[in-house]
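The values are calculated or read from the model by the stated rules, or taken from the named source; none is laboratory data. No experiment lies behind these values; they were computed from the predicted model shown. Positions of Cβ are generated from backbone atoms using ideal geometry, with glycine treated the same way; all protein chains shown enter the neighbour counts.
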């Protein structure tokens, strides 16, 4: 679908003056000064703080209203040798949070176990069968991570079974909160915590740091010890990389280079990232899909085993299993994606006037429909719900676009569902086969009334129009200072007009477009991920406008500049 290009607004005379001052003080290219001003960074002090995230920007964990209560209960459990079970979600955020608390409490000589629900057996979140098993195994205190905030019935069951539960989560709560011993969630009203965008692993980290602070062991070594896991879960969960999240990601990525985690080292090696500096793109597109694959194709408990492993040989065995599961996941992804596209072409004859897409099948693997839904949103740019039915029960995953709150939409039609959860951009749900038609009708009506169809044209925000001769390794070094990149701090997007395709375009890998462009005697290698469908329209010597980001390509120690194509227009 054609995308809308939104170019940068001209700076006011006042901002131009600030840009000139910044350029003089930092001795940076005017393009970099321009980007800083557009981010609202006007002083050298603000810029230095942005370029060098530090622990000084981290909030006191005891600002959470229930934190003192939670810490006291956990320390009492450790002292009295009670068994503590950490109950996590099966995605990267949940497994890193589980691993972090498991390792952190084990160091305090706690009797600690973990439980990760099986996607196909337990479903999402707290399950009654899982809770009964935990109680039978002798647990008296459960700590949830990345789940539990809407598990009212299950928390009541925990209390009835004679256990207590501390809920740590970051998902949106409903109007009624569960009756847990303590709740640590920045999105709970009146929680007291100023930063609301933490990932589940960020919340778990705050709990562990509160415990360490209470014990007086919050040394810099202990504060930094698990930041690699915090960075991994935070980046993988696609939360805004601002505030504390930016600090966690920045410090955690540096900590990742120390290679203190046997499991992560094995996974990085098997994923062929050993010769690269790990960045957010490596996490999102290489490491996270592998860790997620365990929970999608089988049990995510193997991901936790990997992340808590203290043996190199066992770590490689687990990483190999996860690599195999990721290969199976990729095959299932491709098959499901093609089947979903076929259904969409048959079901929706007028996509331009279709506010949302809902597709279902009896044959889809429930572990991959979330990934495929994301790909469908990318292709059709509207909210997508995919549902996999088995024995009359449907497991669904939904993904949304930037301008639409899918969680609010699902909440409005929850009378059609057995259960649901999630946040603005991603939801999970279960429903009966008999409710499907009514659910589709009600949700489509809600979306139609609350989503402007004009917003269903994907917009690419362009930070700057530049020429190819503006690009050099020195400029890229400055651009890298803006990292880590992610939501609310994306890699800068540029536009260059009237470039000529200087070589025959071709595709590589899984539908990726490759070509070389030239203008004013300067050439640039370009790759467009998942843009292979554009190949038929392109010819050598075609003149085009390109929208792209660029980064350093380090191939066997040789640095070169590569453009990553986001869109193009043919003259």
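Is it the case, given these coordinates, that residue 443 is more than 24 Å from residue 39 (Cα to Cα), in contact with a helix residue (DSSP H, G or I) (Cβ under 8 Å, 6 or more places away or on another chain) and not assigned by TED's automatic domain parsing to the domain that holds residue 125? In short, yes.
Per-residue answers, yes or no, for (1) surrounded by 15 or more Cβ atoms within 10 Å (Cβ to Cβ); (2) at pLDDT 90 or above:
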{"site": "483", "(1), (2)": "yes, yes"}
{"site": "491", "(1), (2)": "yes, yes"}
{"site": "510", "(1), (2)": "no, no"}
{"site": "525", "(1), (2)": "yes, yes"}
{"site": "540", "(1), (2)": "no, yes"}
{"site": "553", "(1), (2)": "no, no"}
{"site": "557", "(1), (2)": "no, no"}
{"site": "561", "(1), (2)": "yes, yes"}
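Note on segment 9-40: residues that are free of Cβ contacts under 8 Å to residues at least 12 places away in the same chain, part of a loop (DSSP other than H, G, I, E, B) and either buried (at least 16 other Cβ atoms within 10 Å of the Cβ) or over 30 Å from the mean Cα position of the chain (by Cα) (or both) amount to 3.
Scanning segment 450-481 for residues that are closer than 21 Å to residue 10 by Cα and either under 25 Å from the mean Cα position of the chain (by Cα) or in a strand (DSSP E or B) (or both) yields 459, 460, 461, 462, 463, 464, 465, 479.
Figure legend. Inter-residue proximity from segment 357-376: first residues on the phi > 0 side of the Ramachandran plot and assigned to a strand (DSSP E or B), second residues modelled with pLDDT under 95 and surrounded by fewer than 20 Cβ atoms within 10 Å (Cβ to Cβ), beta-carbon distance below 6 Å, spacing 6+ or different chains. No pairs are indicated.
With closer than 17 Å to residue 511 by Cα and out of contact with any helix residue (DSSP H, G or I) (no Cβ under 6 Å at 6 or more places or on another chain) as the only criterion, which of 530, 554, 541 stands out?
Working: 554 fails: closer than 17 Å to residue 511 by Cα; 541 fails: closer than 17 Å to residue 511 by Cα.
Exactly one residue qualifies, and that residue is 530.
When 293, 266 are checked against the criterion of being modelled with pLDDT of 95 or more, over 22 Å from residue 251 (Cβ atoms), in a helix (DSSP H, G or I) and not assigned by TED's automatic domain parsing to the domain that holds residue 370, 266 stands alone in meeting it. Scanning segment 48-73 for residues that are in a helix (DSSP H, G or I), touching a strand residue (DSSP E or B) at 6+ places or on another chain (Cβ under 7 Å) and crowded, with 16+ Cβ neighbours inside 10 Å gives 67, 70, 73. Residues of segment 394-413 that are out of contact with any strand residue (DSSP E or B) (no Cβ under 6 Å at 6 or more places or on another chain) and modelled with pLDDT of 90 or more: 400, 401, 404, 405, 408, 409, 411, 412, 413.
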